[in-house]
1. Report the label-to-label distance for N86 and K41 in nanometres (one decimal), using points 7 Å from each Cα along the Cα→Cβ vector.
2. What distance in nm lies between label points placed 7 Å from Cα along the C-beta direction at D208 and E11?
3. May I ask you to order 68-76, 27-35 by the average number of other C-beta atoms within 10 Å around their residues, highest value first?
4. Strictly over 22 Å apart at the Cα level, which of K99/K129; K14/K99; K99/K206 would you flag in this model?
5. Run the numbers on the stretch 1-141 and let me know its relative contact order in percent, using alpha-carbon pairs under 8 Å that are six or more apart.
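Read-outs throughout are calculated quantities, based only on the coordinates presented, and are distinct from any laboratory measurement. All of these numbers come straight from a predicted model, not from anything done at the bench. Reconstructed Cβ throughout: ideal geometry from the backbone, glycine too, with neighbour counts over all protein chains shown.
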Amino acid sequence: METIEEIPLIEKYKRMYRENPSSKVFAPLADAYRKNGKQNKALVILKEGIKRYPGYILGYLGLSNCYFDLGKYELAYECICPFVKNNRENIKLQKLFAKICERTNRSYEAMETYKFIQFIDPKDEVASKRLVEKIMPPEPSMPEPQGNQADWVAVDFSSEVPAVNLEIIDRLVGVSLRKKDYNKAFEYLDAGLDLDPTNQWAIEMKKDLQEKHQANRDALITTQESPPEIEAKLLKFLHKLRSKATRYKSSR
């Protein structure tokens, strides 16, 4: 049911639309109809408006919202997907895209989008919750030692190379960004790229940081490293990461 406040808003947009049918007011008018449960009417207005403004992002955002409300998630995805990469700063678009990806079982795209949302707005509770659920699942229970306990305790694990979960690195980057410690975020991103040079999220996040926080990065410009230097850097990082994991487990 339309509220007292919403009726004048729709009437205002309708009047503006009648006075100038070729204006971009079609987008807020359609959104007002959609929020009042009139998705089909909104779709008609949006499709007509998009014919006049084929590149108008708010038109496609409204169209995608309508399809999402109607449960047509694949159509919602097709409408908005082409605009995601070049509109990272549009928080409404990113949030909608993340929800659509979840509904269409595109888990990887959903998580990558939530990472960007957290970068834009570190206080976003939904993004933080989704990332924590994905990155830090419940720990499996420790199996009981078999055989002689003294022999089991005496096993030497010092020679084992600790496995590094790149999702942990992603999480550490997020923590650093919330603290506005961009230098530390760069350190984690560089280490992650050393471990996996094809990590698309780390590549794009590093590019965004370089563009938005170049002043903080000037002091960190490094020269080309030789393979031994890279190996030493990785060993140092692995040691730090292992220490963090130990402290985290002991605090729980």
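1. 3.4 nm
2. So the label points at D208 and E11 sit 4.3 nm apart.
3. Per-residue mean Cβ counts within 10 Å order the peptides as 27-35, 68-76.
4. In this structure, K14/K99; K99/K206 exceed 22 Å between Cα atoms.
5. 12 percent
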